[in-house]
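S.K.: Just passing along the structure, written as structure tokens.
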Ligand SMILES: [Zn+2]
């Protein structure tokens, strides 16, 4: 086979490998990023719930204090009942007692809601904390694995780039230029084997003279339709 043609085949194989590895690298990075975000969400959720619990406890104490105040007021009103001198005064006092009781009931209902919320948070936080902790550890393991993978990737990439450079140095620059152009427009496949007398890329039947040229493998032959560089693979007709 023509020297340039076999170099081009090798170069394409190498480029496809480089592309495939690069896709895999991006995929691994994206996956690590996704996982990291998941854990960050858990951490955020945990922080929010812990803050809610703190707030709920504080509000609870305020309501409890308020109920104590109302109780004191009610006790004071009870004593005042013995000191009132008129029916009107008594009625006004009764009205105040009713208002205080009403406020107490409302405050007690709010306190109950806060207690329920506190219980719910007290129960859910340890589970969430455990899940977050597990996630953090898992993320660390994944990070280390990714770092090793990226190290290996960098070494492999340097090796491939070195090989690529050697190949391109041996190639006729005209063919290299054609190859690079075709690669861009032909989905990375600039060099293609013929198949059953047709171009393996666009599947258009090749003329017998063109096919003869491909079979001989002495020069670089292009498909008349898609312009790809053709070669003859021995397992094809
Ligand atoms: Zn073609």
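S.K.: Within the stretch 157-182, can you find the residues that are within 16 Å of the ligand (Cβ to nearest atom) and over 14 Å from residue 223 (Cα atoms)? Even if it seems obvious, please write down each step before you answer.
M.R.: Applying the first criterion (within 16 Å of the ligand (Cβ to nearest atom)) to the stretch 157-182 yields 178-179, 181-182.
If the condition is that a residue be within 16 Å of the ligand (Cβ to nearest atom) and over 14 Å from residue 223 (Cα atoms), then 181 is the only one that fits.
S.K.: Now, a different point. Does the stretch 198-211 hold any residues that are surrounded by 12 or more Cβ atoms within 10 Å (Cβ to Cβ), farther than 11 Å from residue 231 by Cα and either away from the ligand (no atom under 12 Å from the Cβ) or touching a residue at least 40 places away in the same chain (Cβ under 8 Å) (or both), and which are they?
M.R.: None - no residue of the stretch 198-211 is surrounded by 12 or more Cβ atoms within 10 Å (Cβ to Cβ), farther than 11 Å from residue 231 by Cα and either away from the ligand (no atom under 12 Å from the Cβ) or touching a residue at least 40 places away in the same chain (Cβ under 8 Å) (or both), so the list stays empty.
Condition check ((1) modelled with pLDDT of 95 or more; (2) loosely packed, with under 15 Cβ neighbours inside 10 Å; (3) under 31 Å from the mean Cα position of the chain (by Cα)) across all residues:
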position: 3; (1), (2), (3): no, yes, no
position: 16; (1), (2), (3): yes, yes, yes
position: 28; (1), (2), (3): yes, no, yes
position: 34; (1), (2), (3): yes, yes, yes
position: 39; (1), (2), (3): yes, no, yes
position: 56; (1), (2), (3): yes, no, no
position: 63; (1), (2), (3): yes, no, no
position: 68; (1), (2), (3): yes, yes, no
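S.K.: For residue 132, state whether it is outside any helix (DSSP H, G or I) and surrounded by 16 or more Cβ atoms within 10 Å (Cβ to Cβ). Spell out the reasoning first.
M.R.: Working: outside any helix (DSSP H, G or I): no; surrounded by 16 or more Cβ atoms within 10 Å (Cβ to Cβ): yes.
No.
S.K.: Report yes if some residue within the stretch 149-161 is in contact (Cβ under 8 Å) with a residue 40 or more places away in the chain, assigned to a loop (DSSP other than H, G, I, E, B) and surrounded by 15 or more Cβ atoms within 10 Å (Cβ to Cβ); otherwise report no.
M.R.: no
S.K.: Among the numbered conditions (1) assigned to a helix (DSSP H, G or I); (2) within 30 Å of the chain's Cα centre (by Cα), tell me where residue 175 comes up short.
M.R.: So the condition that residue 175 fails would be (2).
The values are calculated or read from the model by the stated rules, or taken from the named source; none is laboratory data. Note that the structure is predicted; figures quoted are calculated from it, not measured. So basically every Cβ, Gly included, is an ideal-geometry build from the backbone, and we count neighbours across all protein chains shown.
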